[in-house]
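Scroll down for the structure; my scribbles are underneath it.
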Amino acid sequence: MSGTECDRIQENSLEQFLEHKQLLVINPRKKNGLILIKTYYAEFAGPGAIIGGCFDQDLVNVIPVGNLSLIQAGNFQERQRAYLIRRQWVKLIKQITDNPIPRQRAQVILNQFEHWFDSETAEKVSDEVFASIVGVFPETIKKARDLVNRL
């Protein structure tokens, strides 16, 4: 994917992104992503996904995951591919949330983040944030973490 790579996002850049919601793409060549905190829920956008623009008008906050690297959205085909990738990330999270058993949803999101990144990165994400991604109480995430830590 072409485009000019942005410097690693700093706190003031994240605030600027939240304010302007510039159309950017999460670098598909790195293990990174953004947790997009919205009013009533959160989304995860992983490598290759487009962020900003009309998708994210209701953003409240963003949390970088991994070594965040964003690139400018390129031409029409590159933006279209990035939209499709964003949709795939949404579908993946939907598959997790379709499970009617909250503890299983909690366990799957923890497992997925450890698989996509590593256990240290997953530990840095708060119980509240994971809970808002998969629609469970933060205590459910904590119990799922405790279960893993006992094994």
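The values are calculated or read from the model by the stated rules, or taken from the named source; none is laboratory data. Just so we're clear, the structure is a prediction, and the values are computed from it rather than from any experiment. Please note: Cβ atoms are built from the backbone with ideal geometry, for glycine as well, and neighbour counts cover all protein chains shown. Side chains are part of the model used for accessible areas, which takes the heavy atoms of the whole protein and leaves out ligands, DNA and RNA. Shrake-Rupley method; radii C 1.70, N 1.55, O 1.52, S 1.80 Å.
The number of residues in the stretch 59-75 being surrounded by fewer than 15 Cβ atoms within 10 Å (Cβ to Cβ) and outside any strand (DSSP E or B) comes to 2.
Counting just the residues of the stretch 89-103 that are touching a residue at least 24 places away in the same chain (Cβ under 8 Å) and either assigned to a loop (DSSP other than H, G, I, E, B) or more than 18 Å from Gly53 (Cα to Cα) (or both), which one comes out nearest to the chain's Cα centre (by Cα)? That would be Ile93. The residues listed here are Ser126, Ser132; of these, the one that is crowded, with 19+ Cβ neighbours inside 10 Å and of a type in the set (Ser, Thr, Tyr) is Ser132.
Here Pro47, Pro138 are screened, and the one residue that is open to solvent by less than 50 Å² (accessible area, probe 1.4 Å) and touching an Asp or Glu at 6+ places or on another chain (Cβ under 8 Å) is Pro138.
Looking across the stretch 98-111, the residues that are open to solvent by 50 Å² or more (accessible area, probe 1.4 Å) and either under 19 Å from Ala42 (Cβ atoms) or of a type outside the set (A, V, I, L, M, F, W, C) (or both) come down to Asp98, Pro100, Pro102, Arg103, Gln104, Val108, Asn111. The requirement of being open to solvent by 70 Å² or more (accessible area, probe 1.4 Å), of a type in the set (Asp, Glu) and at negative phi is not satisfied by Glu78.
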